[in-house]
């Protein structure tokens, strides 16, 4: 037996090797998955994501902003004449409204009436003197012509300089009269426009001085709404001049005021880096200086846009799509938001937009996509199930 093994050792080794190789081949064939099951096994190991297929629709954003009511100018009430206050309007009180031309207060006009009378008397005296001088000049000319018919009468004898001086006095008197009448008219201070009173420091008996403020007010027509706005919001709004605006007052009972976008600031605020839009309300009388209001401005139309779940955005302008069974990042332009939806400009959405990105999302990650109905939409093999 030993001799037989020694004689056929090489052949036995060859048979053993062939047997081992054959067994290995049989095992590999038996363990190989069928072609139809290979993609299923891969899909089981893939990350499952939910995708949506967006539809392009037109979009016109409504930009909601907050603003504050302000007056273009605050007017200080400064009397142009001095004197004792003899009357104060009941409307010349903080918070009151007053119409253009209404009297605010009256300064004692007695001294100013006397000034007018004095100038009138001076004018009458000058005119009387002028009449006398003109009569004397006529008499002197007649005498001169009788004595010296071939010579011109001198100006001094003809009262020329005296008459000129009196005429100048009359003109000066007329100017003084107008100034006195103007001062008399200024003893009654009237509202230059429809206004609201902010401050009043007057009462009957007080003495006021020229150039000293006694109150402040603002024009109702000058009320406007200053609305801070970012560069992105300005881009959404589009052209600014003449844009219609809806102004929502703090109290719901006050309703909505229509308004118009009248202008924009020429520079950004140095601290906030925001611009300012100015809105004129159609009925400024319903506004209150300093109150905060909400403003809605319809932006420019965008013909093609996608409405996507807001959760699809992983950052301000980034989301994931499925492309050939793998994740692919997209940077999008966000146009606005509607409730829980984000509105973005149309982009290449691949095989669908991932509505809720997985925590392990990376570029090229193999995924199995499922639609809103929960059925598989596409897997990492790149095929869509029937």
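Any read-out appearing in this document is the output of simple, stated calculations on the displayed coordinates, not a laboratory observation. Bear in mind that the values here come from a model prediction, so they are computed numbers and not experimental data. So basically every Cβ, Gly included, is an ideal-geometry build from the backbone, and we count neighbours across all protein chains shown.
Separation between the residue 186 and residue 331 pseudo-spin-labels, each 7 Å from Cα along Cα→Cβ, expressed in nm?
It works out to 6.6 nm between the two label points.
Consider just the alpha-carbon atoms of the stretch 158-198 and return their Rg together with their Dmax, both in angstrom.
18.9, 64
Bin width 10 Å, alpha-carbon pairs only: give the P(r) of the stretch 221-298 as whole percents, running from 0 to the bin holding the largest distance.
Each 10 Å bin holds this share of Cα pairs: 18, 52, 27, 3.
Measure of size requested: the Rg and Dmax of the stretch 134-234, with Cα atoms as the atom set and Å as the unit; please supply both.
30.7, 99
If each residue of separation counts as 0.36 nm, what is the full-extension length gain between residue 314 and residue 84 once their alpha-carbon separation is subtracted? Show your work: numbers first, answer last.
Values: separation 230, 0.36 × 230 = 82.80 nm, distance 7.29 nm.
Working it through step by step, the gained length comes to 75.5 nm.
Plugging the Kirkwood radius over Cα pairs into Stokes-Einstein for the stretch 49-173, at a temperature of 25 °C and a viscosity of 0.890 mPa s, what D comes out in µm²/s?
Using the Kirkwood radius from Cα pairs, D works out to 106 µm²/s.
Using 7 Å Cα-to-Cβ label points, what is the residue 141/residue 66 separation (nm, one decimal)?
8.5
Regarding the stretch 226-374, what is the average projected area of its C-alpha convex hull, in nm²?
12.6
If the chain between residue 216 and residue 282 were fully stretched, how many nm would it gain, using 0.36 nm times the residue separation less the Cα-Cα distance?
Stretched fully, the residue 216-residue 282 segment lengthens by 21.3 nm.
Return P(r) of the stretch 190-247 (all Cα-Cα pairs; 10 Å bins starting at 0; whole %; ordered from short to long distances).
Percent of Cα pairs in each bin: 15, 32, 19, 17, 13, 4.
What is the stretch 66-164's relative contact order, in percent, from Cα pairs under 8 angstrom and six or more apart in sequence?
Reported relative contact order: 19 percent.
Looking at the stretch 110-185 from every direction and averaging, what is the projected area of its Cα convex hull in nm²? Show your work: numbers first, answer last.
Numbers: hull surface 19.6 nm².
Directional mean of the projected Cα hull area for the stretch 110-185 stands at 4.9 nm².
I'd like the FRET efficiency for residue 100 and residue 338, computed as 1/(1 + (r/R0)^6) with the beta carbon distance as r and R0 of 51 Å, rounded to 0.05.
Working from the Cβ atoms, E equals 0.65.
Based on the Cβ-Cβ distance from residue 230 to residue 132, what FRET efficiency comes out when R0 is 56 Å, to the nearest 0.05?
0.10
Given the C-alpha atoms of the stretch 296-371, compute the convex hull and give its volume per residue in Å³.
95
When you count, for each residue, the other Cβ atoms within 10 Å and take the mean per peptide, how do 197-208, 275-286, 135-146 rank with the highest first?
275-286, 197-208, 135-146
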